[in-house]
Amino acid sequence: MTPNNIFNEILSFQSVKLTMKQERIVQAAIQLFAEKGYSNTSTAEIAKVAEASEASIFKKYGSKEKLLLSIIVPSLKEFFPTMADEVIGPISEANSTFEGFLAAFLKNRSEMVIANKEIFQVIVKELIYKEDLKNELTPYIFEAAASRLARVIDLYKERGELIDIPTHKILKSLLTFIGGFFTSHFVLLNNESVAEEVIEDAVRFIMHGIGIKTTSMN
């Protein structure tokens with residue numbers, strides 16, 4: 001199944017307003033998937049927490065996997081295009097330095113993740129453990145976010161703030177660090193918030209690293 005097929009199929013579910021029972025099913029699934037993982041959660045458990053029948057789940061979604069995707073896909077579509085179009089542009093325009101951009105970006109996305117932490121945990125865990133899901137959704141994630149971030153990197157390179165190496169190398173390192181930052185704080189450590197000094201430390205690390213500058217490398 002291609003990403004477009006997944007998106008079209010799952011988004012068709014979202015075009016119809018959910019009933020109160022269906023909303024309870026989705027919320028119960030998010031809670032249990034975040035706590036126990038997708039594979040360790042049964043539809044019977046979801047039905048019990050949602051105070052609904054398993055038949056209700058299968059009538060709406062057809063399978064537990066489609067229920068998972070109905071949670072993940074719209075969340076990804078909200079997180080990444082919104083991040084790209086409504087977050088990255090304004091933040092870069094409002095900050096004259098790349099350091100300022102990074103701080104504002106990390107703060108903004110931290111607030112977004114905190115408001116949707118359980119869904120974020122589900123997305124991260126399932127992208128890690130479900131190879132087929134990762135292979136189908138990762139290209140979409142990068143298409144939505146990477147191209148916009150690349151333009152921001154080019155902008156600050158032109159201003160002389162970033163080292164003169166290929167943009168794709170900077171982008172790869174930046175996305176790796178940002179992904180690890182959010183995963184460690186909100187999935188592994190299960191934090192409820194991120195202190196401003198933590199964001200400042202993260203920005204400092206990206207901008208300057210931990211090594212002492214030398215004239216040559218041995």
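The values are calculated or read from the model by the stated rules, or taken from the named source; none is laboratory data. This is a predicted model, so every value here is computed, not measured. Ideal geometry is used to build each Cβ from the backbone, glycine not excepted, and the neighbour counts take in all protein chains shown.
Considering only the range 58-70, how many residues are surrounded by 13 or more Cβ atoms within 10 Å (Cβ to Cβ) and over 18 Å from Leu133 (Cβ atoms)?
Selection size over the range 58-70: 2.
Among the residues of the range 111-159, write down those that are among the small types (Gly, Ala, Ser) and in contact (Cβ under 8 Å) with a residue 24 or more places away in the chain.
Ala144, Ala145, Ala146, Ser147
Can you give me the ranges of the helices (runs of 4 or more DSSP H) entirely in the range 115-190 with at least 2 residues that are modelled with pLDDT of 90 or more and aromatic (Phe, Trp, Tyr)?
167-183
I'm trying to understand the selection: among the residues of the range 114-145, which are crowded, with 19+ Cβ neighbours inside 10 Å, of a type in the set (A, V, I, L, M) and out of contact with any Ser or Thr (no Cβ under 8 Å at 6 or more places or on another chain)?
Result: Val122, Leu133, Leu137, Ala145.
Which one of these is of a type in the set (Gly, Ala, Ser) and surrounded by 15 or more Cβ atoms within 10 Å (Cβ to Cβ): Ala44, Ala55, Ala34?
Ala34
Which one is surrounded by the fewest Cβ atoms within 10 Å (Cβ to Cβ) among residues in the range 1-31 that are modelled with pLDDT of 85 or more and under 28 Å from Pro139 (Cβ atoms)?
The qualifying residue surrounded by the fewest Cβ atoms within 10 Å (Cβ to Cβ) is Val26.
Taking the range 19-49, which residues are on the phi < 0 side of the Ramachandran plot, outside any helix (DSSP H, G or I) and not aromatic (Phe, Trp, Tyr)?
Listed by number, the residues that qualify are Thr19, Ser39, Asn40, Thr41, Ser42.
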